[in-house]
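Peer 1: Before I ask anything, here is the structure I am working with.
Laboratory data are not the source of any read-out in this text; all were calculated from the coordinates shown. None of the values given here were measured: they were computed from a predicted structure. A quick note on method: Cβ atoms are made from the backbone with ideal geometry, for glycine too, and the neighbour counts reach across all protein chains shown.
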Amino acid sequence: MSHADARVGATNRDMLWLALIPSGLFIGLVWALSAIALPWQLQLDWVPSLGVGLDWYIDALSAQFLVLITGIGTMVFIYASGYMAHDANAGRFFLLLLLFMTAMVGVVSADHLLVLFLFWELTSLISFFLVGFKHTDEQARASARQALFITLGGGLALLAAFILLAQITGTWSLQAIVASGPELIEDPRLPAVLMLLFIGCFTKSAQFPFHFWLPNAMSAPTPASAYLHSATMVKLGIYLLARFDPAFNELLLWEVSLIGIGTITAVWAALLALRERDLKRILARSTVSALGTLVLLIGLPNEEAALAVIAFLFAHALYKAPLFFVAGNIDHATGTRSIDHLMGLRRQMPFTMVAAILASLSMAGLPLSFGYVAKDVVTTAKSGTDLLQIVSYGLLFVNSIAVAVAAVAAIRVFWGPANPAFARVREVSWRMLLPPLLIAIVGLEFELMPAFTDPLLVDAARVIAPAADIGDLSADHSIATFVTVAEVLVIGLVLFLFWEQLHRYLAGLARLDHYGCAALFERLLAGLTRVAAWHTKTLQHGNLSGYMRLTLVVLLLFGLGAWLAGDVDGSGLWASSWPAYEQGWALLAATVLISAGALAAPFVYGRLALLMVIGLVGYGSAVLFLFAGAPDVAFTQFMVETVLVVVAAAVLPHYGAPSRYPEPRLLNAAVAVAAGIATFILLAHMFSVPSDRSLAEWFATNSLPEAHGRNVVNVILVDFRALDTFGEIAVVAFSALAAWPLLRTMRKRRRTS
Amino acid sequence: MTLLVLLSISIVVAAAVYLSLSRDLFRVVIGLTMLGAATNLIVFAAGRFATLTPPLLTTVEDAQAAAVANPLVQALVLTAIVISFALLCFALVLGARLRAQAGNDDVKQMHATEPVAWDSVKPPELEN
């Protein structure tokens, strides 16, 4: 048995037992909800020195998400045990699902903003791994990268928003910040906070213009799509917006942004759904559309909207997850998700069809489904506010498309003539049938038996709108709702009948592929690498002279900037009186020597001549030292210049004849002259302030009594700063040690050649 | 007088920068050495050249007289001269060795550690 076989055998173990983890959590949660009153709080130390604690706070809103996470999670685990049964990487997949569930629980339970952020980023990261799960597929890798860039980029914005919030309110607690009131609303930094918060939430919840990553994320295995990209993770943006809604509800910016972006997203995604042929991508577009509707509902200023958000969020999870499972079943059984080929599957896949129909009833918002309840409260919420007419029409359109999408999933795929290519298609296993059927039936049951969910959902709505007088959820079957639903249904079915025509028209709009947000984003990324490549090529060219030139120019520009900015006081430049000298002639001779050497250097090319020229500078300096009261320094300089001749005589033969390479002489000369002028300005400034002689005087007064030396310079070198001198000797010794082997190899080479 | 000294220091800096921008390795070495010499002069100038009298004391009272030259900068420059001499010697030997290995003394062709990129995005591969 080969190694590969052993691996497949090992990873193909039945993973169904793992569903015990989410189901155990779910049952425990439901029991706890019935036994212990909300909210639950727990505070643990984590990094006390930084004030970061593992603070948990679970109220009804968190609890509603926890129910979704564990409940849908259980179904996802059961489903995945069937879906991934023949996948060699099933173990990795389940590990990611478990990690994801943990991260989600962390996000919705955390009260400390940094802890929330940590789990928030973790969900983005795991989403990346799941989208790119089929890592051999280049398209999947590209989609995963896109999703990661967008959600993690948004995460950074969110972190900035959190930091600003903590600075404004002085606390990291989400509860305390939401409750902080006017000091937060009146802070001048609030618009920045809101913008950053919007970017964070809109990227996560795939709002316009970041909506395109979600349909691309459909390259993830279907259980992950159902779990992350429809039921839970993409709702985190909604969760956070709902959390902050009580604090910002009154703000015009909040209202306008959410209603505007929500409407644009909902309508645009609904339109784009008509362009798709892939069943999963159609569902993903309609998910984006639903998320847009949720954002819009949060933006509504009235209190009924809170209940609408909660009900619609719950209803959406309960019908969209089964529809994804249905798409997964069809993909699994037929090998395709293209609605061009999918038809007449009702005989081969009857149970899948039942699940699709049940879920679609709820999605279309037909009476007797939970979707109808959601529609009812949404209608109430809308009627309670003077909504712009265009937003109302937009919502009507969005809901009609939802009906059409539901019809595609439930009718188009299963009815009509059977496709002969699918003659051997069989219904999938019970593991893949139970989850969609069960969730869809639960979606219907909640309408008929509201007693179970009502309290939780109404409590969750009270978290979003604390002041509101929220009644119960049970649909009152008002005439207004019924009329709305009927209206939407008729328009939706008409859209469904003309789906092909609409699709053909929209798919023909090729410009959308070139100038859409997705295309622009990809172009931005490509541009980024091009800029990086250009930057590297221009700045890291490997030319040493170029580096030197660039460094000098930047240094000079900084100096110029400092001078112009007034950091250097230039007033005393010419005003100061220059000290007079008795040794004028000697110093004049020294400066002439130095200047002559320096001026000649650029024009001299011979090696020996160049050494002589810098010798001029050296001897000139020595003369200067000698006549400025520094005989010791002068003697050292004289000696060094003399020994240099001996060293040069030994090394110069190795250099050979000089060659005159072509180089930008004028440019180099310009940089050199600029450096000279800068030096002069610097020196002039140095001389315009009085010299601080305190250290010099300290050494002079302490030299005789403490070190018993009359030559102060020598005392400084060998006594006060003896360690410096020791270091200097070490440098000389080390350079000799380093030069020795270099010289020896050269001598050897010459001998051998 | 000081003006002349400052001018000559500035000229040394300019010449040193010009030499160090050269493609000829030997000129670069000489340029850096000149830059060191200029720095020594700047440090020395910071102590001012007010007097001819060296800081040699016969009595403690001599120290109080401001007419003595600044001993601190002298000590600093003395150290610096010796170190820049050691640096120059080493640089000359290293340059000769580099030239022997590369076959020429063109600074522009010395990019063994930074090879020319062959791809617009990927990093170039290092030769051994």
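Peer 1: Would you mind checking the tilt of helix A:430-448 against the longest principal axis of the Cα atoms of chain A, expressed as 0 to 90 degrees and rounded to 10?
Peer 2: 70
Peer 1: Two-decimal Rg/Rh of the stretch B:1-47 from alpha-carbon positions, Kirkwood Rh?
Peer 2: Here Rg/Rh amounts to 1.06.
Peer 1: Which angle between 0 and 90 degrees, to the nearest 10, do you get for helix A:350-364 versus the longest principal axis of chain A when only C-alpha atoms count?
Peer 2: Orientation of helix A:350-364: about 80 degrees from the principal axis.
Peer 1: Another question about this same structure. Quick check: the angle from helix A:722-752's long axis to the longest principal axis of chain A, C-alpha only, nearest 10 degrees?
Peer 2: Rounded to the nearest ten degrees, it is 90.
Peer 1: Among A:I177, A:T222, A:A672, pick out the residue whose Cα is farthest towards the positive end of the charge dipole of chain A, where Lys and Arg carry +1 and Asp and Glu carry -1 on C-beta, about the Cα centre.
Peer 2: Of the listed residues, the answer is A:A672.
Peer 1: With charges set only on the Cβ (+1 for Lys and Arg, -1 for Asp and Glu), what does the dipole of the stretch A:249-509 come to about its Cα centre, in debye to the nearest 20?
Peer 2: 1500
Peer 1: Another question, if that's okay. If I take every Cα pair under 8 Å that is 6 or more residues apart in the stretch A:249-509, average their sequence separation and divide by the length, what percent do I get for the relative contact order?
Peer 2: With pairs under 8 Å counted, the relative contact order is 28 percent.
Peer 1: While we're here: Given 0.36 nm per residue, what is the gain on full extension from A:V47 to A:R660 after removing their alpha carbon distance, in nm?
Peer 2: Taking A:V47 through A:R660 to full extension adds about 214.3 nm, to one decimal.
Peer 1: So which trypsin sites (Lys or Arg not before Pro) in the stretch A:367-432 are both in a DSSP loop and have at most 14 other Cβ atoms within 10 Å of their Cβ?
Peer 2: When the trypsin sites (Lys or Arg not before Pro) of the stretch A:367-432 are filtered for loop state and at most 14 Cβ neighbours within 10 Å, A:R424, A:R426 remain.
Peer 1: Now a separate question. Using 31 Å as the Cα-Cα cut-off, could you pick out the over-long pairs in A:K134/A:K235; A:K235/A:K382; A:K280/A:K375; A:K537/A:K748?
Peer 2: Listed pairs above 31 Å: A:K537/A:K748.
Peer 1: In nm, what is the difference between 0.36 nm times the number of residues separating A:F498 and A:N89 and their Cα-Cα distance?
Peer 2: 143.1 nm
Peer 1: In addition: Sort B:83-91, A:244-252 by the packing proxy (mean of other Cβ within 10 Å over each peptide's residues), most packed first.
Peer 2: Packing order, densest peptide first, comes out as B:83-91, A:244-252.
Peer 1: Got the relative contact order for the stretch A:584-659 handy, in percent, Cα pairs under 8 Å and 6 or more residues apart?
Peer 2: Dividing the mean separation by the residue count of the stretch A:584-659 yields 32 percent.
Peer 1: Here's another thing I want to ask about it. What shape does the stretch A:611-753 take by its C-alpha gyration tensor, where a ≥ b ≥ c are the square roots of the eigenvalues and a/c under 1.5 counts as rounded, a/b above b/c as prolate, and the rest as oblate?
Peer 2: The shape class here is oblate.
Peer 1: Now for a separate question. At a 10 Å Cβ-Cβ cut-off, how would you order A:Y239, A:Y319, A:Y57, fewest neighbours first?
Peer 2: Least crowded to most crowded, the residues run A:Y57, A:Y239, A:Y319.
Peer 1: Okay, next question. Kindly give Rg over Rh for the stretch A:249-509, based on alpha-carbon atoms, with the Kirkwood expression for the hydrodynamic radius.
Peer 2: That ratio equals 0.99.
Peer 1: What does the charge add up to near A:L95, with Lys and Arg as +1, Asp and Glu as -1, over the other residues with Cβ less than 15 Å from its Cβ?
Peer 2: Net charge around A:L95: +1.
Peer 1: With a point put 7 Å past each Cα toward its Cβ, work out how far B:Q109 is from A:K134 in nm, to one decimal.
Peer 2: 5.4
Peer 1: Once you charge only the Cβ atoms, +1 for Lys and Arg and -1 for Asp and Glu, what is the size of the charge dipole of the stretch A:636-725 about its Cα centre, to the nearest 20 debye?
Peer 2: The calculation lands at about 320 debye.
Peer 1: How large are Rg and Dmax for the stretch A:1-158 when only the alpha carbon atoms are used, in Å?
Peer 2: 18.2, 58
Peer 1: Taking +1 at the Cβ of each Lys and Arg and -1 at the Cβ of each Asp and Glu, which of A:Y393, A:A231, A:A533 sits farthest along the dipole of chain A towards its positive end, judged by Cα position relative to the Cα centre?
Peer 2: In chain A, that residue is A:A533.
Peer 1: With a cut-off of 8 Å between alpha carbons and a minimum separation of six or more residues, what is the relative contact order of chain A in percent?
Peer 2: Normalised by residue count, the contact order of chain A is 10 percent.
Peer 1: What per residue convex hull volume, in Å³, do the alpha-carbon atoms of the protein assembly as shown yield?
Peer 2: Hull volume over Cα atoms, normalised by residue count, gives 261 Å³.
Peer 1: Sticking with this one: Would you mind ranking A:C517, A:C201 so that the residue whose beta carbon has the fewest other beta carbons within 10 Å leads the list?
Peer 2: A:C517, A:C201
Peer 1: What's the exposure ranking of A:W499, A:W46, going from fewest to most Cβ atoms within 10 Å?
Peer 2: A:W46, A:W499
Peer 1: Treating only the Cβ of Lys, Arg, Asp and Glu as charged (+1, +1, -1, -1), what charge dipole size does the protein assembly as shown show about its Cα centre? Round to the nearest 20 debye.
Peer 2: Using only the charged Cβ atoms, the result is roughly 3880 debye.
Peer 1: Using a Förster distance of 51 Å, how high is the FRET efficiency between A:T529 and A:S429, based on the Cβ-Cβ distance and rounded to 0.05?
Peer 2: Efficiency at R0 = 51 Å is approximately 0.65.
Peer 1: Compute the signed sum of charges (Lys and Arg +1, Asp and Glu -1) over the other residues within less than 12 Å, Cβ to Cβ, of A:G516.
Peer 2: Taking every other residue near A:G516 into account, the sum is +1.
Peer 1: Counting only other chains, what is the mean number of Cβ atoms within 10 angstrom of the Cβ of each residue in peptide A:690-703?
Peer 2: 5
Peer 1: In chain A, with Lys and Arg counted as +1 and Asp and Glu as -1 at Cβ, which of these residues, A:P653, A:F208, A:F496, has the Cα nearest the positive end of the dipole, that is, farthest along it?
Peer 2: Value: A:P653.
Peer 1: I would also like to ask the following. Per the Kirkwood treatment, what hydrodynamic radius in Å, one decimal, follows for the stretch A:584-659 from the mean inverse distance over all distinct Cα pairs?
Peer 2: Taking the inverse mean of 1/r over all distinct Cα pairs, the stretch A:584-659 comes out at 13.1 Å.
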